[in-house]
Amino acid sequence: MSKPNMSRLHHAIDLLGKLVAFDTTSKNSNLGLIHFVRDYLAEYGIESTLFHDETGQKANLLATIGPKGVPGIALSGHTDVVPALETTWVSPAFELTERDGKLFGRGSADMKGFSACALAMIPELVKRDLEIPFHLCLSYDEEVGCIGVGSMVDHLAKMDTPPRLAVIGEPTNMKVINGQKGKYSMRVAVTGTAGHSSFAPDHVNAIEYASRAINLIADKAREFEQNGPFDADFTVPHSTMLTTTISGGTATNVTPEYCEFTFEIRHLPDHDAEAVIADLQKTIMDTLDAEMKAKADDTGFTFEKIFSYPGMGDCTDAEAFSYVSNIIPEISGKVSYGSEGGVFEKKGNIPSIICGPGSIEQAHKPNEFIEISQIEECLDFLEALTDQAAAA
Ligand SMILES: [Zn+2]
């Protein structure tokens with residue numbers, strides 16, 4: 001593999017600086033960044049399709065480079081970043097700053113680095129005689145539950161020739177990751193009856209019923225830990241389930257009328273989280289909720305889904321995986337954190353792997369950075385991918 005030429009590296013770093021300068025914290029609009037990319041691509045004669053959310057303030061961008069009517073390779077990046085409110089940033093979070101071979105800035109690793117590399121390849125891609133196309137896929141609202149990318153993946157899946165492979169450029173230090181857990185999170189509201197605590201037996205204690213439900217969640221978690229299903233390729237080799245927040249009660253001498261808690265399951269790609277939650281919900285309704293209602297009407301449990309995203313299964317036996325394995329033969333395992341890979345694979349039926357520059361260790365922290373050597377490695381990878389996609 002040849003080293004990427006210096007001008008391409010500089011181009012990638014320059015583009016990364018521009019991408020980082022857009023404060024695309026998930027609560028903000030990402031249209032500034034999306035329009036910048038659309039205009040950049042237009043300079044090379046590449047058309048973009050935008051998929052807006054219902055507010056019109058956020059969008060996915062899809063651009064195809066190369067021939068139509070042939071299944072290609074999707075290069076996927078999310079444009080949103082986590083907040084950068086920490087006071088310990090040494091340099092401004094939304095200003096890419098170089099120190100000691102590292103580029104600091106929110107999103108430098110997670111994951112504008114990959115998007116910048118893909119964009120830096122555009123001048124090369126339009127020059128080459130590509131036999132299969134590349135689909136640049138930039139999404140919104142990944143950090144808040146992979147909720148933006150769906151509309152774009154639906155579109156890809158319905159194409160006459162959907163992509164044969166998706167490379168999700170989350171930071172893996174350019175290692176190939178062949179699996180990712182899914183997540184399903186829920187909010188539970190428990191309504192009891194308020195009254196003087198000295199008459200506790202007359203009332204329905206919302207916190208106590210909530211705590212009994214929480215014990216059922218903990219029981220399920222123990223069951224997964226002991227009985228599986230298992231996949232040893234994950235660092236935590238089974239699905240996990242836990243209560244994550246709780247609030248309730250009004251005063252130390254009042255029976256609590258209300259309690260609310262949230263819980264999540266992070267599940268192996270083929271473990272049916274929906275069924276687990278339906279089963280748990282039924283148990284709670286048949287026992288705890290029934291017991292509450294027997295004591296007082298208008299009490300009981302209500303459940304609300306917060307969000308879910310699917311896990312990404314192992315696609316390394318797909319024929320198109322050879323495009324990647326020809327460059328990086330080693331598979332480095334599966335990860336428990338979320339990515340859009342599960343949406344591409346499960347919802348779009350597109351074989352997917354995760355591989356991108358930078359380290360997840362640096363993500364979601366103050367002074368997030370990406371090493372310049374990682375940008376170089378990613379450009380190497382994309383050049384090698386281009387060589388395979390182009391006519392000899
Ligand atoms: Zn990310």
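The values are calculated or read from the model by the stated rules, or taken from the named source; none is laboratory data. Note that the structure is predicted; figures quoted are calculated from it, not measured. Glycine also receives a Cβ, built like all others from the backbone with ideal geometry; neighbour counts cover every protein chain displayed.
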Exercise. Of (1) touching a Leu at 6+ places or on another chain (Cβ under 9 Å); (2) modelled with pLDDT under 95; (3) of a type in the set (A, V, I, L, M, F, W, C), residue 360 satisfies all except one. Which?
Worked result: (1)
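When you scan segment 277-287, do you find a residue that is away from the ligand (no atom under 16 Å from the Cβ), under 18 Å from residue 172 (Cβ atoms) and either surrounded by fewer than 20 Cβ atoms within 10 Å (Cβ to Cβ) or modelled with pLDDT of 95 or more (or both), even just one? Explain how you work it out, then say what you get.
Filtering segment 277-287 for residues away from the ligand (no atom under 16 Å from the Cβ) gives 277-287.
Restricting the remaining residues to those that are under 18 Å from residue 172 (Cβ atoms) gives none.
No.
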For this session: Would you be able to say whether some residue in segment 72-92 is under 27 Å from residue 362 (Cβ atoms), in contact with a Cys (Cβ under 8 Å, 6 or more places away or on another chain) and among the hydroxyl-bearing types (Ser, Thr, Tyr)?
Result: yes
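Take segment 333-346 and flag every residue that is farther than 13 Å from residue 76 by Cβ and either within 11 Å of the ligand (Cβ to nearest atom) or not small (Gly, Ala, Ser) (or both). Working first, answer last.
So in segment 333-346, the residues farther than 13 Å from residue 76 by Cβ come out as 333-338, 346.
Hits for segment 333-346 are 334, 335, 337, 338, 346.
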For this session: List every residue pair whose Cβ atoms lie under 6 Å apart, where the two residues are 6 or more positions apart in sequence or sit on different chains, the first residue falls within segment 263-284 and is free of Cβ contacts under 8 Å to residues at least 12 places away in the same chain, and the second residue, located anywhere, is exposed (fewer than 14 other Cβ atoms within 10 Å of the Cβ) and of a type in the set (A, V, I, L, M).
Result: none
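With the structure loaded, tell me whether residue 200 is touching a strand residue (DSSP E or B) at 6+ places or on another chain (Cβ under 9 Å), surrounded by fewer than 19 Cβ atoms within 10 Å (Cβ to Cβ), assigned to a helix (DSSP H, G or I) and touching a residue at least 40 places away in the same chain (Cβ under 8 Å) or whether it fails that test. So that I can check it myself, show each step before the final result.
Working: touching a strand residue (DSSP E or B) at 6+ places or on another chain (Cβ under 9 Å): yes; surrounded by fewer than 19 Cβ atoms within 10 Å (Cβ to Cβ): yes; assigned to a helix (DSSP H, G or I): yes; touching a residue at least 40 places away in the same chain (Cβ under 8 Å): yes.
So residue 200 fits the description; yes.
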Problem set entry | Selection within segment 296-321 - surrounded by 14 or more Cβ atoms within 10 Å (Cβ to Cβ) and part of a helix (DSSP H, G or I) | 320, 321
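Filter segment 122-149 down to the residues that are away from the ligand (no atom under 16 Å from the Cβ) and either touching a His at 6+ places or on another chain (Cβ under 9 Å) or without any contact (Cβ under 8 Å) to a residue 40 or more places away in the chain (or both) and list them by number.
The initial filter retains those residues of segment 122-149 that are away from the ligand (no atom under 16 Å from the Cβ), namely 122-136.
Listed by number, the residues that qualify are 123, 127.
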Exercise. Somewhere in segment 103-115, is a residue under 25 Å from residue 386 (Cβ atoms) and either more than 14 Å from the ligand (Cβ to nearest atom) or of a type in the set (Asp, Glu) (or both)?
Worked result: yes
Problem set entry | Residues of segment 20-43 classified as surrounded by 14 or more Cβ atoms within 10 Å (Cβ to Cβ) and outside any helix (DSSP H, G or I), total | 8
Seminar exercise, completed: Across segment 161-217, the tally of residues that are among the aliphatic types (A, V, I, L, M) and over 23 Å from residue 264 (Cβ atoms) stands at 8
Exercise. How many of the residues making up segment 154-177 are within 16 Å of the ligand (Cβ to nearest atom) and either outside any strand (DSSP E or B) or touching a Pro at 6+ places or on another chain (Cβ under 6 Å) (or both)?
Worked result: 7
Seminar exercise, completed: Every listed condition ((1) in contact with a helix residue (DSSP H, G or I) (Cβ under 7 Å, 6 or more places away or on another chain); (2) over 24 Å from residue 272 (Cα atoms)) holds for residue 184 save (2)
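Quick check on segment 102-119. Is at least one of its residues under 21 Å from the mean Cα position of the chain (by Cα), farther than 24 Å from residue 372 by Cβ and surrounded by 14 or more Cβ atoms within 10 Å (Cβ to Cβ)?
Our first condition is that a residue be under 21 Å from the mean Cα position of the chain (by Cα); within segment 102-119, this holds for 105-119.
Restricting the remaining residues to those that are farther than 24 Å from residue 372 by Cβ gives none.
The answer is no, given that none of the residues of segment 102-119 is under 21 Å from the mean Cα position of the chain (by Cα), farther than 24 Å from residue 372 by Cβ and surrounded by 14 or more Cβ atoms within 10 Å (Cβ to Cβ).
Scan segment 152-177 for residues that are within 18 Å of residue 309 (Cα to Cα) and buried (at least 18 other Cβ atoms within 10 Å of the Cβ) and jot them down. If you could, list the steps in order and put the result at the bottom.
From segment 152-177, those within 18 Å of residue 309 (Cα to Cα) are 152-157, 166-170, 177; that's our starting set.
Residues satisfying the conditions are 152, 153, 156, 166, 167, 168, 169, 170, 177.
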For this session: Hey, could you check segment 360-370 for residues that are surrounded by fewer than 18 Cβ atoms within 10 Å (Cβ to Cβ) and more than 10 Å from the ligand (Cβ to nearest atom) and say which is farthest from residue 178 (Cα to Cα)?
Result: 366
